[in-house]
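Trainee: First the structure, which I've put down as structure tokens, then a few questions once you've had a look.
The values are calculated or read from the model by the stated rules, or taken from the named source; none is laboratory data. In this text, all values refer to a predicted model and were calculated from it rather than measured experimentally. Glycine also receives a Cβ, built like all others from the backbone with ideal geometry; neighbour counts cover every protein chain displayed. Quick note on the areas: whole protein, heavy atoms, side chains included, nothing else; ligands and nucleic acids left out. Shrake-Rupley method; radii C 1.70, N 1.55, O 1.52, S 1.80 Å.
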Amino acid sequence: MNLDILVIEDEEALSEFIVLELTHEGYNVTAAFDGREGLELALERNWDVILLDLMLPKLNGIEVCRRLKAVKDIPIIMITARDSVMDRVLGLDSGADDYIPKPFAIEELLARIRVIMRREEKRNDLATLLLSFKDLELNIESRLLKKGEQLIELTKKEYDLLFMFMKNINRVLTREVLLENIWGYDAEIETNVVDVYVRHLRNKLDSIDKESYIQTMRGMGYVMRE
């Protein structure tokens, strides 16, 4: 498994041990030995997992975790010799995804990394099934549309039309492109059939402003624009 893991740990012997074991498991591992260096490295790349010591020089693990989680959603496992309930709560409340006290068996750490990665895979799989725009959420698997907490029923063509728009946010789609992709032929029918279906879709999406979701680009087509 080609995961990129950052270890932020000031005990060099422990850091070297963790790096050696994780490298042996096939992970790509980088080490930092204080909080400031660790935070800089953490912000430079998209790491798969960060192992973060609580007690660090220059910048403690809690502060590193808070600053990092404010800008990036990277899984963090807090590792520390301090194992009181309050220390665990503090670590988790700062944004850590898991907590493992020292001393620990490397097998337990590896297991916790695997759990974190399974959780991330499930979250990523779910994200690929959902398209979002403003307060709209389109479930590709169930073909259901939610606007906030409201469930909106769509016909097949309305769903296909909305799917095209939400897959192409900020891209203007011409009537010809929509006809070819949704109706599936070179269209001997009039292109105004697109206008009719866009109007139906707008009526379901918008209660007041009929172009708050799908905007008309005069002489060009339609677009969902952020």
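Trainee: Measure nothing but the geometry: give the 0 to 90° angle between the long axis through the Cα atoms of 12-24 and the longest principal axis through the Cα atoms of the chain, rounded to 10°.
Mentor: 50
Trainee: Leaving out ligands, DNA and RNA, and with a 1.4 Å probe, what % of the accessible surface on the chain is carbon or sulfur?
Mentor: Carbon-and-sulfur percentage of accessible area, whole number: 49.
Trainee: In the chain, once you exclude exposed chymotrypsin sites (Phe, Trp or Tyr not before Pro) (DSSP loop, at most 14 other Cβ within 10 angstrom), what's the longest stretch remaining?
Mentor: 1-103
Trainee: Taking every pair of alpha-carbon atoms in the stretch 130-224, what share in percent sits in each 10 Å bin, from 0 to the bin with the longest distance?
Mentor: Answer for the stretch 130-224: a P(r) of 16, 54, 28, 3 percent.
Trainee: Once you compute Rg and the Kirkwood Rh from C-alpha atoms, what is the Rg to Rh ratio for the chain?
Mentor: 1.18
Trainee: Could you do me a favour and compute the accessible area per residue for the chain, 1.4 Å probe, result in Å²?
Mentor: Per-residue accessible area for the chain comes out at 56 Å².
Trainee: I need the fraction of alpha carbon pairs in the stretch 4-124 separated by more than 18 Å, rounded to a whole percent.
Mentor: 46
Trainee: Compute the angle between helix 156-167 and the longest alpha-carbon principal axis of the chain, please, reported from 0 to 90 degrees and rounded to the nearest 10.
Mentor: Helix 156-167 and the main axis of the chain meet at about 50 degrees.
Trainee: Still on this structure: Using only alpha carbon pairs under 8 Å that are at least six residues apart, calculate the relative contact order of the chain and give it in whole percent.
Mentor: Dividing the mean separation by the residue count of the chain yields 11 percent.
Trainee: Using Cα-Cα distances under 8 Å and only pairs 6 or more residues apart, what relative contact order does the stretch 130-224 have, in percent?
Mentor: The normalised contact order for the stretch 130-224 reaches 25 percent.
Trainee: Moving on to the next point. With the crude spin-label approximation of a point 7 Å out along Cα→Cβ, what separation in nm comes out for E40 versus K72?
Mentor: If labels sit at E40 and K72, their model points lie 1.4 nm apart.
Trainee: Greater than 22 Å separation of Cα atoms is the criterion. Which listed pairs, K72/K147; K134/K204; K146/K204; K167/K204; K69/K146; K147/K167, meet it?
Mentor: K72/K147; K69/K146, as the Cα separations exceed 22 Å there.
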